[in-house]
Structure formats: C-alpha cells, structure tokens
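The values are calculated or read from the model by the stated rules, or taken from the named source; none is laboratory data. The structure presented is a predicted model; accordingly, all values stated were derived computationally and were not measured. Glycine also receives a Cβ, built like all others from the backbone with ideal geometry; neighbour counts cover every protein chain displayed.
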Amino acid sequence: MYSNDSMPIEAVLFDMFDTLMLIEKDHAFYSPSLKKAHSFLVKNGVNVEFRVFRDAYIKARNALYVEADAKLEEPHFNCRISNALESLGYVNVESKVVAGATNEFCEGFMEYVRIDSHAKSALKKLRGKYKLGIVSNFAIPECVYKLLEKHGLDTTFDVVVVSGAVNKRKPAPEIFQKALKKLRVSAEKTVFVGDTVDADVIGAKTAGMKSIFIERRIQKDSENACPSQTIKSLNELLKAIKNC
C-alpha cells in the first residue's frame, strides 16, 4: 500500500471497457458484429458465405496474436479483416473496403456498450482538479473515439491512447508512458483506474503509477497484486484518489 504522504496526484488515467463503459451480455456482440462486417464485404464484391468468412477471420485473428502476444502488441483490427480476405483469395482489397468492414463491426459492437451509471458524475468531480486520460486495450481505436463522442465525453479527456493505434497494449509500460508523455506528468503523480489485475493494476505498477482497482468481478490474485485502493463503484472514486 502507498502512504498518504507520497506525491500528490496530478493525473488520473482510466481503462475504458468494464471501467467507464460496460460491455453487456459478455461477448454476445461478437457474432452479430462480425455478420455486419461480412454483409458490408459481400456488398463490395466479396462473395463468400458467412460461415466461411467467420472461420477465415478467426484463423487470421489467432495467427496475428500468436506473434503479437509475446511482444504485447495490438495490430489494428483492419489487419484481421485483410489477412482473412487474403486467405480466401481476395488479395489487394481496397483499404477503404477493409476499413468499412471494420467500421461495421464497430457499429455492431457499440450496440452492446453502455456507459457506467456513475461515470459522468465521477468525471465531473475530477475535471479541473486533475489531468484526465484513457489508456485502453482495443483493436479498433476509432470505436473508442466514437463511443466517447456518443456519450458526450469526447472533450472530457486530455489524452486518449488506444492499443490499436499505437501497436502496444497493457500491461506493456510503453502504452502508459505514451499517455504520461502527452500529459507531461510523472508516473509517480498519476493513478490508473481499471478493472483487470494483470493489464491495469500490475501494468500501472510496472509503469510506476499508483492504481485503483474497480472490482467488477472476482479475479484471481487481485489481493496479491496490491492495488493502492480497491473500489466497487465509480461513486467511490474521488475518495479513493485522495487516499492514494
């Protein structure tokens, strides 16, 4: 635990999904979102059944992450679509078609995302007192920006760093450091708020930050990870920051 006489907090960084915004119904979004992407591709000349495309997509996604996992990289979602199409014989598909399919997946995904009921009030209390930012693991950075705009939060944050835009993902220290550099604040004066032990708590600690663990569900090793503070709801956030 960190003592209260440590450096005062100047910046608060947030994880995005299952911290500020909640993904409903577990991963039920995946199939309908992929179907939207497939429908767009069919309209643009990709003449394959959904089942065939889905299998090629899954194979392409898994192959990307065999290599990316070891380096904590995050290839943009476009790479999954492009590689899947190439494996089906559709080589050199226009980038705007690939991006369009990714956007359709994003639109499908967004239907399953809702903002936490305490997020806006919590952020309002923090705005002006601290520099604010987001560091999110997501392969479609444009989707994060769209969700922030949809919920009226696009001007709330001083920095938004998404793994798919920088090809690094938490818990890699580099993705946290990019946010800190843009905010011009030291790690020691920053607290990270997130819902996962490995990516958020341990990742933030490795980068030299304090951490607030929002306990959305029981996670293995959450106590052993020793977050600076643990909360159950974002309405406890301001007090937790002051106690860091």
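Looking only at residues in the range 156-177 that are of a type in the set (Gly, Ala, Ser) and crowded, with 23+ Cβ neighbours inside 10 Å, which one is farthest from Val193 (Cα to Cα)?
Residues of the range 156-177 that are of a type in the set (Gly, Ala, Ser), as a first pass: 163-165, 172.
Still in the list and also crowded, with 23+ Cβ neighbours inside 10 Å: 163-164.
Numbers: Ser163: 17, Gly164: 20 Å.
In this case the residue turns out to be Gly164.
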Quick check on Ile140: is it touching a Cys at 6+ places or on another chain (Cβ under 6 Å) and at pLDDT 95 or above? yes
Any residue in the range 76-91 that is at pLDDT below 95 and not in a helix (DSSP H, G or I)? yes
Which one of Leu147, Leu180, Leu153 is at pLDDT 95 or above and surrounded by fewer than 20 Cβ atoms within 10 Å (Cβ to Cβ)? Leu153
Among residues of the range 41-89 being surrounded by fewer than 19 Cβ atoms within 10 Å (Cβ to Cβ) and among the hydroxyl-bearing types (Ser, Thr, Tyr), the residue nearest to Val144 (Cα to Cα) is Tyr65
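Would you mention how many residues in the range 17-34 are within 11 Å of the chain's Cα centre (by Cα) and surrounded by fewer than 21 Cβ atoms within 10 Å (Cβ to Cβ)? Spell out the reasoning first.
First, the residues of the range 17-34 that are within 11 Å of the chain's Cα centre (by Cα): 17-21.
If we keep only those that are surrounded by fewer than 21 Cβ atoms within 10 Å (Cβ to Cβ) as well, we get 17-18.
The total comes to 2.
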Restricted to the range 183-199, and to residues that are within 17 Å of Val159 (Cα to Cα) and not small (Gly, Ala, Ser), which residue is surrounded by the most Cβ atoms within 10 Å (Cβ to Cβ)? Phe192
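One line per residue, one yes/no per condition, for (1) touching a residue at least 40 places away in the same chain (Cβ under 8 Å); (2) in contact with a Leu (Cβ under 7 Å, 6 or more places away or on another chain):
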position	(1), (2)
Ser95	no, no
Ala99	no, no
Phe109	yes, no
Ala122	yes, yes
Ser136	yes, no
Pro141	yes, no
Tyr145	no, no
Val161	no, no
Hand me the list of strands (runs of 3 or more DSSP E) wholly inside the range 189-244 holding 1 or more residues that are among the aliphatic types (A, V, I, L, M) and either within 18 Å of Glu10 (Cα to Cα) or not assigned by TED's automatic domain parsing to the domain that holds Asn137 (or both). 190-194, 210-214
Taking Gly194 as meeting all but one of (1) modelled with pLDDT under 95; (2) touching an Asp or Glu at 6+ places or on another chain (Cβ under 6 Å), write down the number of the exception. (1)
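Could you check, for the range 110-117, whether at least one of its residues is β-branched (Val, Ile, Thr) and assigned to a helix (DSSP H, G or I)?
Narrowing the range 110-117 to residues β-branched (Val, Ile, Thr): 113, 115.
Remaining after also requiring assigned to a helix (DSSP H, G or I): none.
The answer is no; no qualifying residue exists.
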